[in-house]
Amino acid sequence: MLPLGANSNPVSLEALLDSPLLASQKKVLADVALNTAKGLGATYTDVRIGRYLNQFISTRENKVQNIVNTESFGVGVRVIAKGTWGFAATNDVTPDGIKKATERAVAIAKANSKFQKEPVKLAPVQGYGEVTWNTPIQKNSFEVPVSEKVDLLLRTNSGALKNGASFANSNLFQVNEQKYFASSDGSYIDQDVHRIWPTFTVSVIDRASGKFKSRDAMSAPMGMGYEYLVPKNEDKLSGPAGMVLYRNSYDIVEDASIAAKQAKEMITAKSVEPGKYDLVLEPNHLGLTIHESIGHPLELDRILGYEANYAGTSFASIDKLKSGTFNYGSKQINIFADKTQVGSLGAVGYDDEGVKCKRWDLIKDGILVNFEAIRDQVHILGQNESHGCCYAQSWNDVQFQRMPNVSLAPGKDPYSSEQMIKAVEKGIYIAGRGSYSIDQQRYNFQFGGTTFYEIKNGQITGMLNDVAYQSNTQEFWNSCVKVCDEKDYRMFGSFFDGKGQPSQVSAVSHGSSTSRFNAVNVINTGRTI
């Protein structure tokens, strides 16, 4: 279920299209907080006025299961007083309500200062004045009639059923974050952020054998508008065994029809023989492996132990980074973080503490070169500039360090997935994401997938079942021998990356091209009675 945010309330569709405040009105309200905090002795203040809209449509077979519209609107105020953070929030978006919340934030900071061992140290940031940033959408999904979206989902289910599915359900998640940020550094930043995720699950039951198989959508959630659901031929890539893969637009009806045929094929597919295989991993699959084994372990707060109680720590360390020689992967592995990547879920102009977003390297030619850090962390690394990856899921939550978009750079030489498969003697092609497990230090792991195909002597020979691969982070990324070029580059994404206590979710994308990993341990996950 889509997280609805703090104090989200059901609203009418018409209300979602209203704009309660102009940017000029938000500036007046933000100045109330900035001036109040300064008068009370705060040395730094930031204000976030946020309006968070969600629409969730769910269908099954030929019926609509649910339509949910929610709106959450309020203000969060964060201050530093006596060297200590304080935060308070309110849904009373008036001068008096904001003044009271600011007073509470300063009081909390001063109370906490009695226990603060060292004062907060913020990296400097430029004051940008009054600026705006909008997701470059072509069509606002909230303006598309619900009836049109319902019709698309029901056609998706129908296409699956016509092609052999026993059951089909489809969903459409849409998010709009209208975020206004102001700080005592001199920034007034108005941003309008859009995200969309069409998805489905189709299942096939063979009643004679009692077997059933399911196949999920090959879609990637994107930082786009409704134009993502208007398929374009130039965005389609041909995959092995008749698969169709999608890049910057998505044909959900076509994918569901193919999914039904593949789920039916899975019923009779053979079970994998455990052993060592070369793996050819397509981007929609590899994105999750990047997320868990690179994105999370390179979060500085996790490395420092701040997440230990909730989500674990990291095998990576500051000493490994400062050595300048830590071998995270093979020379094929170039991993970058980028909060400006067009179409990505994490794309914004400025993060939630007013830092202009950018791209930076995490792993270069296999060597660990940087982490993910924000204003009050980078001094620990000996750096003086935030990476711009601070985020809060709502106005009612305090912002903190979150994973940016983390991606594997495509190979520099022209190379296709077809060429990659032809070069494999004994291997498995894996598409789509599946179940996974990884330890609390993000080191030892196991990943499944959506569909699996056996490769013998450079040819796809048929579908497989019960496939998962096991490795550890260093061993796995050092086994990478080839990455396809930029023509194959696509993004995977997650709407629900959880972190923190109280827990918050954020949306993040991971791009890559199809990649080959040699001699990886594959296990059989099948169960027999």
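Using only side-chain charges placed at the Cβ, +1 for Lys and Arg and -1 for Asp and Glu, the dipole size of the stretch 164-310 relative to its Cα centre rounds to 820 debye. Taking only the Cα atoms of the stretch 63-162, the radius of gyration and Dmax are 23.0, 67 Å.
Taking the square roots of five times each eigenvalue of the Cα gyration tensor of the chain, the equivalent ellipsoid has semi-axes of 41, 29, 19 Å, listed largest first.
For the pair Thr268 and Ser435 in one chain, pulling the backbone fully straight at 0.36 nm per residue adds 58.0 nm over the alpha carbon distance. Classify the stretch 198-294 as rounded, prolate or oblate, taking a ≥ b ≥ c as the square roots of the eigenvalues of its Cα gyration tensor: rounded when a/c is under 1.5, otherwise prolate if a/b is larger than b/c and oblate if not. In terms of gyration-tensor shape, oblate. As a fraction of the 1.4 Å probe accessible area of the stretch 456-502, surface on carbon and sulfur atoms comes out at 43 percent. In summary, the stretch 397-529 shows an alpha-carbon radius of gyration equal to 1.19 times the 2.2 N^0.38 Å reference for compact globular proteins.
Take Glu425: with every protein chain present and a 1.4 Å probe, its accessible area is about 140 Å². Helical runs (DSSP H, four residues minimum) scored at -39500 (n - 2.57) apiece and divided by the length of the chain put the mean residue ellipticity at 222 nm at -6000 deg cm²/dmol.
When only the Cβ of Lys, Arg, Asp and Glu is charged (+1, +1, -1, -1), the dipole of the stretch 331-466 relative to its Cα centre reaches about 300 debye. For the residue pairs Lys99/Lys339; Lys276/Lys487; Lys264/Lys426; Lys179/Lys499; Lys121/Lys179, the C-alpha atoms sit more than 27 angstrom apart in Lys99/Lys339; Lys276/Lys487. Considering every alpha-carbon pair of the stretch 462-508, the percent of pairs per 5 Å bin, from zero through the bin containing the longest distance, is 5, 12, 10, 11, 24, 23, 9, 5, 1, 0. Here Lys422 is the anchor, and the aspartates and glutamates within straight C-alpha reach of less than 13 Å, apart from those fewer than 8 places off in the same chain, are Asp278, Glu454. Highest mean first, the peptides 172-179, 106-113, 232-239 sorted by other C-beta atoms within 10 Å per residue fall in the order 172-179, 106-113, 232-239. Only one residue of Gly343, Leu281, Cys484 has its Cα farthest out toward the positive end of the dipole of the chain, where Lys and Arg carry +1 and Asp and Glu -1 on Cβ, and that residue is Leu281.
Surface calculation, 1.4 Å probe, protein heavy atoms: Arg375 sits at approximately 10 Å² accessible.
Cα centroid separation, the stretch 35-52 to the stretch 167-217: 33 Å.
Between Ser323 and Phe496, the contour length at 0.36 nm per residue exceeds the Cα-Cα span by 58.9 nm.
Determine the shape class of the stretch 363-416: with a ≥ b ≥ c the square roots of the Cα gyration tensor eigenvalues, call it rounded for a/c under 1.5, and otherwise prolate if a/b is greater than b/c, oblate otherwise. Since a/c reaches 1.5 but b/c is at least a/b, the shape of the stretch 363-416 is classed as oblate.
The values are calculated or read from the model by the stated rules, or taken from the named source; none is laboratory data. If you're wondering where the values come from, they're calculated on a predicted model, not measured in any experiment. Backbone-built Cβ (ideal geometry, glycine too); neighbour counts: all protein chains shown. These accessible areas exclude ligands, DNA and RNA; they are computed on the full protein's heavy atoms, side chains included. Shrake-Rupley method; radii C 1.70, N 1.55, O 1.52, S 1.80 Å.
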